[in-house]
Amino acid sequence: MRRGDVGAAILGLSLAGSYYYSVSLLETRGFTSGELGPKVFPTLLVAIFSFLSILLLLSGLSRAPEEGTTRLKRGDWTKVALCILFSVGYLITLSRIGFLISTPIFLSLFVWLYGARRIKVIVPAALIPTIAIYVIFWKFFKIFLP
């Protein structure tokens with residue numbers, strides 16, 4: 001049994017359950033039972049996340065523990081702390097300066113943190129996902145991001 005996989009799977013199932021509870025509280029005014037409403041996409045995400053967590057749980061229970069598992073080094077813990085810091089900063093700036101400005105900055109910081117130092121790598125890695133997500137939400141979902 002791999003305790004890390006089992007623990008991550010249980011955490012994933014817990015998060016999926018709490019997210020599903022939040023989705024169940026969404027108001028569906030103006031939608032009849034036959035129409036796709038605002039609960040469809042979040043419920044689909046919960047189902048996918050739950051399915052993947054169950055697969056991880058089964059995998060963790062069926063495998064033998066790894067020999068010589070590696071521990072995080074001091075530099076790796078710094079990266080974890082910076083990822084958390086960048087994510088909190090992104091959440092704060094998202095509502096203040098908007099998606100189109102904060103997302104490329106956030107993605108640039110992440111790409112830089114994980115080793116990219118050339119501008120030819122950082123700029124496309126920040127701009128292409130930002131523009132793609134914005135267009136998908138705007139064109140297909142008719143949702144304007146902040």
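Any read-out appearing in this document is the output of simple, stated calculations on the displayed coordinates, not a laboratory observation. These figures come from a predicted structure and were not determined experimentally. With ideal geometry, Cβ positions are generated from the backbone for all residues, glycine too; neighbour counts draw on all protein chains shown.
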Notebook entry, point to check: Fewest to most neighbouring Cβ within 10 Å: what's the order for Y134, Y114?
Noted result: Y114, Y134
Checklist line | the chain: DSSP helices with Cα axial extent of at least 30 Å and average Kyte-Doolittle hydropathy no lower than -0.5 | finding: 3-24, 40-62, 74-97
Checklist line | Relative contact order computed over the range 74-140 (Cα-Cα under 8 Å; 6+ residues apart), in percent | finding: 28 percent
Next item on the list: Kindly provide the pair-distance distribution of the range 92-135 built from C-alpha pairs, with 10 Å bins from 0 and whole-percent values in order of increasing distance.
Entry: 31, 52, 18
Notebook entry, point to check: Over the Cα atoms of the range 3-62, what is the Rg over Rh ratio if Rh follows Kirkwood?
Noted result: 1.14
Margin query: What three numbers, in Å, describe the spread of the alpha carbons of the chain along their principal axes, ordered from the longest?
Written below: 57, 43, 23
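Taking other Cβ within 10 Å of each residue's Cβ, how do R2, R29 sort, fewest first? Could the numbers behind the result be given before it?
Numbers: R2 18, R29 6.
The fewest-first ordering by Cβ neighbours comes to R29, R2.
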